[in-house]
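Peer 1: Before anything else, here's the structure in question.
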Ligand code: PRX
């Protein structure tokens, strides 16, 4: 980490906002002053930008930490805020979604049309028996029906759990079971990389008969959108085609008011153990901060902008900055189904050109892979509509930041590097475009109303010019309200480390520069970040040992030029297995296996077959040493190993 810090500190370029941008920016410096003077009052003002069926009289209740309540006696309907109120304000004809499928098919969906669709679907879900508080799992491609599904579930006070379409049937099963979902909404398939990638079969497999498994089946119905036109199997009393019920349903549906703390969604994310955590978010505070940050950080002008966040709704970025933030603000956005390089490597730039995208929000891993392909590709498209660029999900190295600005942003557009997490629900650290002078590589400052610190192990601030652990020192509106079904794990994971101070521990290392700006240095726990996606070492290890040939496994995240980190696995094969099976091809077989068990994003880049793993005397695997091997470095201090010779054996086997 120290070489990384030294490298970052040599970065001295600074970019002041242009007068033109600053003059028309949504954000202004007074936001900081207002938030500093009265933090809760500031958030109450932001919350009042929403429509409340019953106005709140209390702001924050922190009497039972770490369980916060925001605006608790207020009542609202999240979907009403994202839809009906724009229609009622006369903006029903504004396009909400400019959708483009991977094959190039297009659909524009206005606010009035989306509202109509969501009302119909809300009626369908109610007819299927979905009630307030029930969970609905979504396993969908990036199509307008996906957004409509999230909003319809929210509209009736139910709770959605979106599962990324790239996850396997097993991962889907685990998430359905943990949440106890009553209905699954899916599609036959969606377009990816030039062909239809089936989804429904994974749902079928996840729900396949498990008599004797001891787990109660909770799913009563599967609602299926026809998108891929691929053949699907059908379970008559369970499966329902969307097109058979939604268009026929009544479009009359009055949005009911729900208390601000009504659960809105569960989103599973990887932690340090094998079992993904169901992060729980609620309604009023979440929507307040998602909408506010989308307004001031993405500088959204709903009348004129075409906004595009490239995230899939299977991740938190898609929840807050595709569905909830932009729609609460009445923005027009591009929604794209497919991959960046299909059918040609300039696909994204072509979309920006053709749709006149003005605000673009993506991940560093994408930027780095475009850098690799070369500037000629983006430069052959007209990107002059762009006026603001954003980055999210992992640290953006200064080289990629500067390339992004020069090649995509015509050396002119501000870039906002936004730090946040599934747990924080919305952006926490970012420059404000038009206000902040930006620094390539630094996420910079907390957004107004957010209090963060970089502290040492005992919770004392490290001060400018030093590194430590990133904490949030005050509760914030869009903070997670818990881990689904596991309050103890919530407390232990995020609040125990600095319990005496009451700080939320984010799991990230960070450094403050001499100006007090924050530079993120990556996770300090056993969580990896591959292409901006969180993966846990333990989860992949447990998939590996689930293979009949594997006796033991250790997984590390090794730095990778394109994906930020890559999964590297060290496995010990059972000798019995080796007697009957050739060792050739076993690495590939294990890579494929992990892809099947968890999903292609978890597939290791490298699998090394070794004879032993480095362990401390108490049996803990020393991943730090394996990371040295995986990154081709000299192996660090081995004195705490039970057997100090083991690393030279492993290094030799890896070569
Ligand atoms: O390590 C940080 C990294 O992503 C983690 C959160 O991952 P997830 O919950 O999947 O949410 C990703 C999208 C919000 C953080 O703990 N991270 C996220 N944004 C940044 C970042 N690291 C550095 N810079 C960022 N801008």
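Peer 1: What residue, among those in segment 1-25 that are under 18 Å from residue 412 (Cα atoms) and assigned to a loop (DSSP other than H, G, I, E, B), is modelled with the lowest pLDDT? Give the derivation first.
Peer 2: Restricting attention to segment 1-25, the residues satisfying the condition of being under 18 Å from residue 412 (Cα atoms) are 12-25.
Filter again for assigned to a loop (DSSP other than H, G, I, E, B), leaving 12-14, 16-18, 25.
Numbers: 12: 81, 13: 89, 14: 92, 16: 95, 17: 94, 18: 95, 25: 98.
Once the filter is applied, the top-ranked residue is 12.
Peer 1: If you scan segment 220-245, which residues turn out to be surrounded by 20 or more Cβ atoms within 10 Å (Cβ to Cβ) and part of a loop (DSSP other than H, G, I, E, B)?
Peer 2: 227, 228, 232
Peer 1: Quick one: which residue in 446, 440, 475 is buried (at least 19 other Cβ atoms within 10 Å of the Cβ), within 13 Å of the ligand (Cβ to nearest atom) and closer than 30 Å to residue 260 by Cα? Full working, then the answer.
Peer 2: Details: 440 fails: closer than 30 Å to residue 260 by Cα; 475 fails: within 13 Å of the ligand (Cβ to nearest atom).
Checking each option against the conditions leaves just 446.
Peer 1: Additional query: When segment 520-531 is examined, which residues are found to be within 15 Å of the chain's Cα centre (by Cα) and within 6 Å of the ligand (Cβ to nearest atom)? Show your work before the answer.
Peer 2: Going residue by residue through segment 520-531, those that are within 15 Å of the chain's Cα centre (by Cα) are 527-531.
Within segment 520-531, just 529 meets the criteria.
Peer 1: To continue, here is another question. Assess whether residue 506 counts as being closer than 19 Å to residue 269 by Cα, away from the ligand (no atom under 11 Å from the Cβ), buried (at least 20 other Cβ atoms within 10 Å of the Cβ) and touching a residue at least 24 places away in the same chain (Cβ under 8 Å).
Peer 2: Numbers: closer than 19 Å to residue 269 by Cα: yes; away from the ligand (no atom under 11 Å from the Cβ): no; buried (at least 20 other Cβ atoms within 10 Å of the Cβ): yes; touching a residue at least 24 places away in the same chain (Cβ under 8 Å): yes.
Criteria not met by residue 506.
Peer 1: Further question: Hey, any hits in segment 623-641 for a residue that's assigned to a loop (DSSP other than H, G, I, E, B) and closer than 20 Å to residue 552 by Cα?
Peer 2: Within segment 623-641, the subset assigned to a loop (DSSP other than H, G, I, E, B) is 631-640.
Those left that are additionally closer than 20 Å to residue 552 by Cα: none.
Checking segment 623-641: not a single residue is assigned to a loop (DSSP other than H, G, I, E, B) and closer than 20 Å to residue 552 by Cα.
Peer 1: Would you pick out the residues in segment 559-580 that are surrounded by 19 or more Cβ atoms within 10 Å (Cβ to Cβ) and within 30 Å of residue 371 (Cα to Cα)? Explain how you work it out, then say what you get.
Peer 2: Filtering segment 559-580 down to residues surrounded by 19 or more Cβ atoms within 10 Å (Cβ to Cβ) leaves 563-571, 573.
Within segment 559-580, 563, 564, 565, 566, 567, 568, 569 qualify.
Peer 1: Something else about it: When residues of segment 290-314 are filtered for being under 16 Å from the mean Cα position of the chain (by Cα) and either in a helix (DSSP H, G or I) or modelled with pLDDT under 95 (or both), how many remain? Spell out how you get there, then give the answer.
Peer 2: So the first thing to find is which residues in segment 290-314 are under 16 Å from the mean Cα position of the chain (by Cα), and the list is 290, 293-294, 308-314.
Checking the rest, the ones that are also either in a helix (DSSP H, G or I) or modelled with pLDDT under 95 (or both) come to 290, 293-294.
Matching residues across segment 290-314 total 3.
Peer 1: Sticking with this one: Is it true that residue 459 is more than 18 Å from residue 294 (Cβ to Cβ), away from the ligand (no atom under 15 Å from the Cβ), touching a residue at least 24 places away in the same chain (Cβ under 8 Å) and under 21 Å from the mean Cα position of the chain (by Cα)?
Peer 2: Details: more than 18 Å from residue 294 (Cβ to Cβ): yes; away from the ligand (no atom under 15 Å from the Cβ): yes; touching a residue at least 24 places away in the same chain (Cβ under 8 Å): yes; under 21 Å from the mean Cα position of the chain (by Cα): no.
No; evaluated as a whole, the condition is false for this residue.
Peer 1: From the list 124, 130, 136, exactly one residue is more than 19 Å from residue 196 (Cβ to Cβ) and assigned to a helix (DSSP H, G or I). Which is it? Before you say what the answer is, go through the steps one by one.
Peer 2: Values: 130 fails: assigned to a helix (DSSP H, G or I); 136 fails: assigned to a helix (DSSP H, G or I).
124 is the lone residue from the list that is more than 19 Å from residue 196 (Cβ to Cβ) and assigned to a helix (DSSP H, G or I).
Peer 1: Here's something else I'd like to know. Tell me which of these residue 365 doesn't satisfy, since it passes every other one: (1) closer than 20 Å to residue 335 by Cα; (2) at pLDDT below 95; (3) over 20 Å from the mean Cα position of the chain (by Cα).
Peer 2: The failed condition is (3).
Peer 1: Would you confirm whether or not segment 368-390 contains a residue that is modelled with pLDDT under 95 and within 16 Å of the ligand (Cβ to nearest atom)?
Peer 2: yes
Peer 1: Can you find even one residue in segment 586-608 that is modelled with pLDDT under 95, more than 27 Å from residue 395 (Cβ to Cβ) and over 33 Å from the mean Cα position of the chain (by Cα)?
Peer 2: no
Peer 1: Only residues that are away from the ligand (no atom under 11 Å from the Cβ) and at positive phi: list them for segment 406-437, please.
Peer 2: Result: 410, 411, 434.
Peer 1: Please give the number of the condition residue 254 fails out of (1) over 28 Å from residue 423 (Cβ atoms); (2) buried (at least 18 other Cβ atoms within 10 Å of the Cβ).
Peer 2: (2)
Peer 1: I would also like to ask the following. Quickly run through segment 582-621 and pick out the residues that are in contact with a helix residue (DSSP H, G or I) (Cβ under 9 Å, 6 or more places away or on another chain) and in a loop (DSSP other than H, G, I, E, B).
Peer 2: Passing the criteria: 598, 599, 603, 604, 605, 610, 611, 612, 613, 614.
Peer 1: Now a separate question. I need a count of the residues in segment 39-90 that are on the phi < 0 side of the Ramachandran plot, in contact (Cβ under 8 Å) with a residue 40 or more places away in the chain and crowded, with 18+ Cβ neighbours inside 10 Å.
Peer 2: Going through segment 39-90 one residue at a time, the tally reaches 25.
Peer 1: Consider only pairs whose beta carbons are under 7 Å apart and that are at least six residues apart or on different chains; among these, list those whose first residue lies in segment 382-405 and is on the phi > 0 side of the Ramachandran plot and without any contact (Cβ under 8 Å) to a residue 60 or more places away in the chain and whose second residue is within 12 Å of the ligand (Cβ to nearest atom) and part of a helix (DSSP H, G or I).
Peer 2: none
Peer 1: Okay, next question. Considering segment 337-373 alone, what residues qualify as being within 16 Å of residue 194 (Cα to Cα), in contact with a helix residue (DSSP H, G or I) (Cβ under 6 Å, 6 or more places away or on another chain) and surrounded by 19 or more Cβ atoms within 10 Å (Cβ to Cβ)?
Peer 2: Within segment 337-373, 346 is the sole residue that qualifies.
Peer 1: Condition (residue is in contact with a helix residue (DSSP H, G or I) (Cβ under 9 Å, 6 or more places away or on another chain) and on the phi < 0 side of the Ramachandran plot) applied to segment 451-458: is it met by at least one residue? Walk me through it before giving the result.
Peer 2: Quick first cut of segment 451-458, residues in contact with a helix residue (DSSP H, G or I) (Cβ under 9 Å, 6 or more places away or on another chain) only: 451.
Still in the running and on the phi < 0 side of the Ramachandran plot: 451.
Looking for residues that are in contact with a helix residue (DSSP H, G or I) (Cβ under 9 Å, 6 or more places away or on another chain) and on the phi < 0 side of the Ramachandran plot, one finds at least one in segment 451-458, hence yes.
Peer 1: Looking at (1) within 16 Å of the ligand (Cβ to nearest atom); (2) surrounded by 23 or more Cβ atoms within 10 Å (Cβ to Cβ), find the lone condition where residue 333 falls short.
Peer 2: Condition not satisfied by residue 333: (1).
The values are calculated or read from the model by the stated rules, or taken from the named source; none is laboratory data. This is a predicted model, so every value here is computed, not measured. Reconstructed Cβ throughout: ideal geometry from the backbone, glycine too, with neighbour counts over all protein chains shown.
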